[in-house]
Amino acid sequence: MDRIFAIFRNSVNSPDVRKKILFTALIFVVARIFAHIPVAGVDLFQLKALFAENQFLSLLDIFSGGTLANFSVMALGLNPYINASIILQLLTMILPKLEALSKEGEQGRRKINQYTRFLTVPLAALQAVGMYALLRNQGIIDNLSIISLISLIVTMTAGTMLLVWLGELITERGIGNGISLLIFAGIVSRLPIVFTQTATTVNEQNFFNIFVFAALGALVIASIVVINEATRQITVYYAKRVRGNKMYGGQSTHLPLRLNQAGVIPIIFAVSLVLLPSLIANYLVVSKNNILHTIGTSITLWFNPEGILYNVLYFLLVVGFTYFYTAVVFNPKKISEEIQKFGGFIPGIRPGTPTASYLNYILTRITLAGAVFLGLIAILPNLARFFTNIQNIALGGTGILIVVTVVLETIKAIEAQLVMRNYEGYAK
């Protein structure tokens with residue numbers, strides 16, 4: 001804790017870092033102003049009631065920073081950009097040209113970011129059409145003419161691209177990752193409303209449960225910090241090599257393998273699949289066909305968010321996607337090739353294929369702990385309601401995971417800026 005206070009104190013005393021922090025805060029204000037500019041023709045009272053009953057829309061509202069529930073011009077939030085980023089990451093593992101581009105350093109990264117922005121536009125337009133169809137079926141918005149529908153799609157797409165631009169401004173001129181910070185700001189901005197609603201419904205019977213809920217939340221935050229920072233250190237030795245009149249190598253280092261390589265991505269993937277039957281059921285229930293209506297009602301009962309089947313399936317999907325995404329972002333074969341290229345080796349393990357097999361063996365086992373942890377975080381709201389009997393609030397595990405992770409990464413970014421400033425002063 002003293003280290004954190006020292007970092008913030010030094011950041012305030014540093015003109016350059018203080019300027020970046022103030023710029024980031026200014027972008028937060030601009031984003032929240034646009035978040036309260038609503039799109040015309042939407043019944044906000046019915047819209048909020050729909051979001052209270054649909055967990056998928058509630059999760060999308062988290063990533064939009066509360067703009068979706070208000071149906072502002074930024075109603076789609078950063079969801080299309082996140083989806084585009086995931087698609088580009090997967091394509092990088094498949095297409096050789098994108099893989100080669102990702103290895104070109106800063107220029108390649110900028111090119112991939114440009115492709116991501118291009119892909120965000122059609123995804124945002126498609127999501128805007130889907131959102132209009134959903135709200136029209138629920139009677140929240142009236143049938144629009146072609147001109148009005150195009151205007152709605154263009155407005156919502158432009159709002160998403162504006163939010164992406166604000167996030168990139170934070171990344172370039174502010175502190176930390178702009179996209180993550182905007183999601184963080186949206187989640188935090190909703191906390192006063194949640195706490196106010198909770199306080200107005202507290203009575204003597206569930207007052208004790210509030211303390212249990214708070215203790216559970218503190219435990220979750222502490223566990224997220226521990227898991228997020230936990231690593232398995234693999235010792236790597238580098239043999240001595242003579243080049244000309246100089247000797248290289250002859251030292252040891254450590255290869256850190258994080259317990260949670262995938263972050264919050266597996267939860268995003270899993271929730272999109274596990275709530276898909278419920279979204280389909282919403283369309284079938286309102287059908288005039290008796291067979292379709294019966295199928296929709298059955299799906300709704302089977303995939304009730306508070307049911308056992310839903311939570312078990314959700315947990316297993318999170319675990320599976322954690323392994324999948326870890327395999328995408330960490331390639332043991334490439335790591336072993338890089339180690340061998342620079343004359344390194346793991347003690348007791350031969351370079352090349354045996355090293356890759358050893359890294360895969362270690363990664364598979366430590367990922368299990370991270371996958372189980374993410375699975376528990378995903379079903380945490382229902383566990384919290386079960387143990388505390390508080391129905392009007394939910395301990396959003398995904399939201400807490402994002403908030404804690406972004407705070408940790410931002411603190412590291414501020415610390416890196418301070419270290420860089422000290423080096424620059426020493427160089428002068």
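The values are calculated or read from the model by the stated rules, or taken from the named source; none is laboratory data. Everything numeric in this text was worked out from a predicted model, so none of it was measured. Cβ placement follows ideal geometry from the backbone for every residue including glycine, while neighbour counts extend to all protein chains displayed. Surface accessibility is based on the protein's heavy atoms, side chains included, excluding ligands, DNA and RNA. Shrake-Rupley method; radii C 1.70, N 1.55, O 1.52, S 1.80 Å.
Listing for the model above:
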read-out	value
Net +/- balance of residues flanking Val403 in space, Cβ distance below 12 Å, scoring K and R +1, D and E -1	0
Per-residue SASA entry for His36, accessible area with 1.4 Å probe, Å² rounded to 10	120 Å²
Rounded percent of accessible protein surface that carbon and sulfur make up, the range 98-173, 1.4 Å probe	59 percent
Solvent-accessible area per residue for the range 316-367 (1.4 angstrom probe, square angstrom)	54 Å²
Average accessible area per residue (Å²) across the range 98-167 - probe 1.4 Å, nucleic acids and ligands excluded	54 Å²
Surface accessible to a 1.4 Å probe, Asp142 within the full protein complex, Å²	120 Å²
